[in-house]
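The values are calculated or read from the model by the stated rules, or taken from the named source; none is laboratory data. Owing to the predicted nature of the structure, the values given are computational and were not obtained by experimental measurement. Don't worry about glycine lacking a Cβ; one is built from the backbone with ideal geometry, like all the others, and counts go over all protein chains shown. For the accessible areas, the whole protein counts, side chains as well, though only heavy atoms, and no ligand, DNA or RNA atoms are used. Shrake-Rupley method; radii C 1.70, N 1.55, O 1.52, S 1.80 Å.
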Amino acid sequence: MGSIFSFAADEFPSDAELRELWQAAWGASPAGFQPSLKACLGHITARHNDRLAGFAKVAGDGALHAFLLDPTVHPDFRRRGLGKELVSRAAALAAERGAHWLHVDFESALKPFYDACGFADTEAGLMRLQS
């Protein structure tokens, strides 16, 4: 991928930066991000100049399994390979930190993206705990 982006592992963007990214990408955002950033196995940020362009987080079970969470690309930077690069770097970070498996949940419309990132189909379950 062209290097218009710079990447960092475990950089702690401000809540304001993450809120702006979430609002642009998803139309809503959590109240605060810092507690989950501190608790996760690791996270990857992508910047274009000083602007937060993308983000991905990896949670772990403390052993062999890691979980890709919140891969997000600002709409201004989509369709440039940034999402795939974030996933690739998140996977490498998880492996570096001892994980043997990387899991991800996604909506069916995103299946072609995750297939292209190298994820295999599996059966999984989901239980809603709060509405």
Taking the Cα-to-Cβ direction at residue 110 and at residue 23 and moving 7 Å from each Cα, how far apart do the two end points lie in nm? 2.2
Solvent-accessible area of residue 97, probe 1.4 Å, all protein chains present, reported in Å² to the nearest ten, please. 90
Only Lys, Arg (+1) and Asp, Glu (-1) charged, at Cβ; the chain dipole about Cα centre in debye: 200
What residues have an amide H closer than 5 Å to that of residue 41, excluding those fewer than 5 places away on the same chain, when H is modeled at 1.01 Å from N in the peptide plane? 58, 59, 60
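Under the rule a/c < 1.5 gives rounded, and otherwise a/b versus b/c splits prolate from oblate, where does region 1-89 land using the Cα gyration tensor?
Values: a/c = 1.75, a/b = 1.23, b/c = 1.42.
It comes out oblate by the Cα gyration axes.
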Global geometry of region 38-123, whether rounded, prolate or oblate, following the gyration tensor of its Cα atoms and the 1.5 cut on a/c: oblate
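What FRET efficiency would be calculated for the residue pair residue 63, residue 129, taking the C-beta separation as r and a Förster radius of 25 Å, to the nearest 0.05?
Values: r = 23 Å, r/R0 = 0.91.
Efficiency at R0 = 25 Å is approximately 0.65.
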Towards the positive end of the charge dipole of the chain, with charges on Cβ (+1 Lys, Arg; -1 Asp, Glu), say which of 16, 108, 126 has the farthest Cα. 16
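Going through region 37-131, which chymotrypsin sites (Phe, Trp or Tyr not before Pro) have at most 16 other Cβ atoms within 10 Å and a DSSP loop state? Please report the intermediate quantities before stating the final value.
Numbers: sites: 55, 67, 77, 101, 106, 113, 114, 119; in loops: 106, 119.
In loop regions of region 37-131 (DSSP not H, G, I, E or B), the sparsely surrounded chymotrypsin sites (Phe, Trp or Tyr not before Pro) are 106.
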Within region 54-131, the percent of DSSP beta bridges that are antiparallel, given to the nearest 5, stands at 65
